[in-house]
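A quick write-up on the structure given underneath.
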Amino acid sequence: MKFLLDYLHRNRFIMSKYAVVGFSSMIIDLGVLYILTEFADVHYLMSATISFVMAAFYNYNLNRRWTFQSSGSKTKQVPVFLIIAGIGLLLNNNILFIGVRQFGLWYIYAKVLAIAIVTSWNFFGNKYLTFKIK
């Protein structure tokens, strides 16, 4: 427990910035998902894929410049980011599918659950892999 508290304390500024970027990404993700599903009649999993990709690229650019202040090579970082985002997308859509199909959740509730889980994966993957690349 002490390790976790020490880690949180040492990374509080980065995690605060990441939370701000993450919250704004979540608004984009949920907004696009809802609009595509409800108004454009796109299946929720396809909508979730599109909204995730849009939010992920927004997230990458803001985290690169502001949260992690990375000056590393984009040509090296982007492929790593895409791998991390791809795994995140698989996790996201599987959680969404299971939430809706197995537990009968409204797709927005399942998406919020997916965001809560996938955010941790994305944070650690990007902090320790994507933005450590010089």
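It is to be established whether one or more residues within the range 52-68 are of a type outside the set (A, V, I, L, M), in a loop (DSSP other than H, G, I, E, B), more than 20 Å from residue 27 (Cβ to Cβ) and in contact (Cβ under 8 Å) with a residue 24 or more places away in the chain.
Pass one, the range 52-68, residues of a type outside the set (A, V, I, L, M): 52, 57-61, 63-68.
Next, only the ones that are in a loop (DSSP other than H, G, I, E, B) stay: 68.
Filter again for more than 20 Å from residue 27 (Cβ to Cβ), leaving 68.
Within this subset, residues satisfying the condition of being in contact (Cβ under 8 Å) with a residue 24 or more places away in the chain are 68.
So far as the range 52-68 goes, yes, one or more of its residues are of a type outside the set (A, V, I, L, M), in a loop (DSSP other than H, G, I, E, B), more than 20 Å from residue 27 (Cβ to Cβ) and in contact (Cβ under 8 Å) with a residue 24 or more places away in the chain.
Which residues, counting only those in the range 43-62, are farther than 21 Å from residue 84 by Cβ and surrounded by 18 or more Cβ atoms within 10 Å (Cβ to Cβ)?
If we filter the range 43-62 for residues that are farther than 21 Å from residue 84 by Cβ, which is where we start, we get 43-44, 46-47.
Answer for the range 43-62, where residues must be farther than 21 Å from residue 84 by Cβ and surrounded by 18 or more Cβ atoms within 10 Å (Cβ to Cβ): 44, 47.
Which pairs do you get when a residue that is under 19 Å from residue 31 (Cα atoms), found in the range 101-119, comes within reach of a residue that is of a type in the set (Phe, Trp, Tyr) and part of a loop (DSSP other than H, G, I, E, B), reach meaning Cβ atoms under 8 angstrom, with the pair 6+ apart or on two chains?
110/103
Could you give me the residue pairs with C-beta distances under 8 Å whose first residue belongs to the range 5-16 and is within 21 Å of residue 70 (Cα to Cα), whose second residue is of a type in the set (A, V, I, L, M) and at pLDDT 85 or above wherever it lies, and which are 6+ apart or on separate chains?
Pairs found: 8/15.
Would you tally the residues in the range 18-41 being surrounded by 17 or more Cβ atoms within 10 Å (Cβ to Cβ) and within 21 Å of residue 66 (Cβ to Cβ)?
Result for the range 18-41: 7.
List the residue pairs whose Cβ atoms are under 6 Å apart, where the first residue sits in the range 20-39 and is more than 14 Å from residue 56 (Cβ to Cβ), the second is assigned to a helix (DSSP H, G or I), and the two are 6 or more positions apart or on different chains.
Listed pairs, sorted by first residue: 36/47; 37/44; 37/47.
The values are calculated or read from the model by the stated rules, or taken from the named source; none is laboratory data. Note that the coordinates shown come from a computational prediction; the quantities given were computed from them, not determined experimentally. Ideal geometry is used to build each Cβ from the backbone, glycine not excepted, and the neighbour counts take in all protein chains shown.
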